[in-house]
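Worksheet: one structure, shown below.
The values are calculated or read from the model by the stated rules, or taken from the named source; none is laboratory data. Here the structure is a predicted model, which is why all the values come from computation and not from measurement. Please note: Cβ atoms are built from the backbone with ideal geometry, for glycine as well, and neighbour counts cover all protein chains shown. These area figures cover heavy atoms from the full protein model, side chains too; ligands, DNA and RNA do not enter into them. Shrake-Rupley method; radii C 1.70, N 1.55, O 1.52, S 1.80 Å.
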Amino acid sequence: MAIQFWMIGKTKEKYIQQGIDEYKKRISRYLKVESVVIPDIKNASKLPVNELKKQEGLSILEKLTPQDYLILLDENGKDYSSRGFAKLLEKQLSNSTTNTIFLIGGAFGFDEAVYQRANSKLSLSSMTFSHQLIRLIFWEQLYRAVAINNSLPYHND
């Protein structure tokens, strides 16, 4: 069982990628984590938003297996405290023999078919962040959850 973080397109900013790499290194001491980059759609800027989301959705859905547990990072998802997210992660790790996939969509969000396939939705904040920056925020929160679950001196209540 692995925790996977899927994203549309590569991380463009070097400082964001450096932060992600640091948290991935820390997390990998405690559990198996992977990043999966779903390639950007070609000529995306020339497509209507709905068509772009549909094509991104097809790229996502073709990579999933029926056993994958898919959690969308979505502004309308469930809010968790850091401790609540740590419990969710612990539950996923103990109750599942499949991959748990956290997915961040493209700049315009998800196609309806992806929402239909999702097992759950998670909100990291009611604020809006760029889909590039939210990658780093997610990895920090994932590390925080791992730290909580392993009694590491990182999280302070």
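Taking each residue of the stretch 1-22 that is more than 14 Å from residue 134 (Cα to Cα) and looking for partners that are in a helix (DSSP H, G or I) and among the small types (Gly, Ala, Ser) with beta-carbon atoms closer than 9 Å, six or more apart or interchain, yields nothing.
Of all residues in the stretch 14-34, which are basic (Lys, Arg) and surrounded by fewer than 13 Cβ atoms within 10 Å (Cβ to Cβ)? Those that are basic (Lys, Arg) and surrounded by fewer than 13 Cβ atoms within 10 Å (Cβ to Cβ): 14, 25, 29, 32.
Would you check if residue 121 is part of a strand (DSSP E or B), among the charged types (D, E, K, R) and open to solvent by 10 Å² or more (accessible area, probe 1.4 Å)? It is true that residue 121 is part of a strand (DSSP E or B), among the charged types (D, E, K, R) and open to solvent by 10 Å² or more (accessible area, probe 1.4 Å). Remark: pairs (first residue in the stretch 129-141, within 14 Å of residue 72 (Cα to Cα); second residue among the hydroxyl-bearing types (Ser, Thr, Tyr); Cβ separation under 7 Å; 6+ apart in sequence or on different chains) = 135/11.
Would you tally the residues in the stretch 1-23 being of a type in the set (A, V, I, L, M) and assigned to a strand (DSSP E or B)?
The number of residues fulfilling the criteria is 3.
Restricting to the stretch 89-110, and then to whatever is open to solvent by 30 Å² or more (accessible area, probe 1.4 Å) and among the hydrophobic types (A, V, I, L, M, F, W, C), can you tell me which residue is modelled with the lowest pLDDT? Looking at residues that are open to solvent by 30 Å² or more (accessible area, probe 1.4 Å) and among the hydrophobic types (A, V, I, L, M, F, W, C), I get 107. Just one of (1) free of Cβ contacts under 8 Å to residues at least 60 places away in the same chain; (2) open to solvent by 30 Å² or more (accessible area, probe 1.4 Å) fails for residue 150. It is (1).
Residues that are more than 15 Å from the chain's Cα centre (by Cα) and closer than 20 Å to residue 116 by Cβ: does the stretch 79-96 have at least one? No, that holds for no residue. Just one of (1) outside any helix (DSSP H, G or I); (2) surrounded by 12 or more Cβ atoms within 10 Å (Cβ to Cβ); (3) among the hydroxyl-bearing types (Ser, Thr, Tyr) fails for residue 65. It is (2). Restricting attention to the stretch 35-55, which residues are under 15 Å from the mean Cα position of the chain (by Cα) and either more than 30 Å from residue 146 (Cβ to Cβ) or open to solvent by less than 60 Å² (accessible area, probe 1.4 Å) (or both)? Once the filter is applied, which keeps residues that are under 15 Å from the mean Cα position of the chain (by Cα) and either more than 30 Å from residue 146 (Cβ to Cβ) or open to solvent by less than 60 Å² (accessible area, probe 1.4 Å) (or both), the stretch 35-55 yields 35, 36, 38.
Okay, residues lined up against (1) in contact with a Leu (Cβ under 8 Å, 6 or more places away or on another chain); (2) part of a strand (DSSP E or B); (3) within 18 Å of residue 141 (Cβ to Cβ); (4) among the charged types (D, E, K, R):
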position: 25; (1), (2), (3), (4): no, no, yes, yes
position: 30; (1), (2), (3), (4): no, no, yes, no
position: 54; (1), (2), (3), (4): no, no, no, yes
position: 91; (1), (2), (3), (4): no, no, yes, yes
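Suppose the filter is acidic (Asp, Glu) and in a strand (DSSP E or B); does residue 34 pass it? Yes: the conditions hold for residue 34.
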